[in-house]
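Single-structure report; data block below.
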Amino acid sequence: MPEIFAVTGKGGVGKTSLSAAFIRILSEAHPGKRILAVDADPAVGLATALDIEPELTLDDVRLRIAESIERGETGAAAELLSEARFHLTDCIAERDNLSFLAIGRPEAAGCYCKVNAYLKQVLESIAGNYDYVVIDGEAGIEQINRRVLENITYLVLVTDASRKGFQVIDTIRRVATRLVTCEKTGVIVNRAPEGFAPNVPDLLAVIGEDRGQCENDMRGESVYALPADSPLYLGSKQALRMLTGEPV
């Protein structure tokens, strides 16, 4: 069974950067292991953070099926459904020991219920092919509430130093206690002011402002451009060690 990391929290706290750092560190520490990176956030930032881009997203494939059904092309729809695994491989971009899958950004107005339901099915069907799965979740509690992230190993709650950020992770923790099966939960405080020392349970790391990462974001560079002594990289390593109990 894979070790599955689900990274959650409110928007704007650096979930994507931390997810990318986790992926980089795991791929470097375990070059013989297979890693699946899942961009489950419609904001679509993990691809840039990893310098990788799939040709298709999950929503592209879902829409192919839906449009065939709406046009009455039941034969074509049945063919797409019967070959779902084949079409799914078109969504997965690969580099070395890393595979990348993105939920995509649905163009239709409304919620992301349908594509989230599809994501849940996909994760259940392919996660077993990998040693590690890192999921960059969407902001807030929607994917937890709908049990998209239902069976995971580690729930990583990310916040900044704001009261709102801590309120969001408290809400996610409460909802996850009822709806999610996970072995361990941990908190990362990111972009914290100097000397910030929160009193919260399951604290994994407090990471200060990382100017190098800010410059990376402005230039559109990946997490691989960060030096190994950067606050984001070092803090992510510490968090992974505390979560897994293994050296990385």
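The values are calculated or read from the model by the stated rules, or taken from the named source; none is laboratory data. Since this is a predicted model, take the numbers as computed values, not measurements. Cβ placement follows ideal geometry from the backbone for every residue including glycine, while neighbour counts extend to all protein chains displayed. Keep in mind that these areas ignore ligands, DNA and RNA; they rest on the heavy atoms of the full protein, side chains included. Shrake-Rupley method; radii C 1.70, N 1.55, O 1.52, S 1.80 Å.
Could you give me the ³J(HN,Hα) list for the stretch 177-183, computed from phi with Karplus coefficients 6.51, -1.76, 1.60 and θ = phi - 60°, whole Hz, x at Gly and Pro?
4, 8, 10, 10, 9, 8, 7
Which lysines have a Cα lying under 16 Å from the Cα of residue 10, excluding residues fewer than 8 positions away in the same chain?
Leaving aside lysines fewer than 8 places away in the same chain, those within reach of residue 10 are 164.
Hey, with R₀ at 25 Å, roughly what FRET efficiency would residue 53 and residue 183 work out to, going by the Cβ-Cβ distance, to 0.05?
Working from the Cβ atoms, E equals 0.20.
Given the convex hull over the Cα atoms of the stretch 1-48, what projected area results after averaging over all orientations, in nm²?
In nm², the orientation-averaged hull projection of the stretch 1-48 is 3.7.
Which value, in Å² and to the nearest 10, is the accessible area of residue 166 when all protein chains are kept and the probe is 1.4 Å?
My reading of the accessible area for residue 166 is about 30 Å².
Rg to Rh for the stretch 173-240: what is it, with Cα atoms only and Rh by Kirkwood? Please list the in-between numbers first.
Numbers: Rg = 14.5 Å, Rh = 13.7 Å.
Ratio of gyration radius to Kirkwood radius: 1.06.
Just add up the charged neighbours of residue 191: K/R +1, D/E -1, any other residue whose Cβ is under 9 Å from the Cβ of residue 191.
Overall, the nearby charge balance is -3.
So which lysines can residue 33 reach, going by Cα to Cα under 29 Å and dropping same-chain residues fewer than 8 places off?
15, 120, 184, 237
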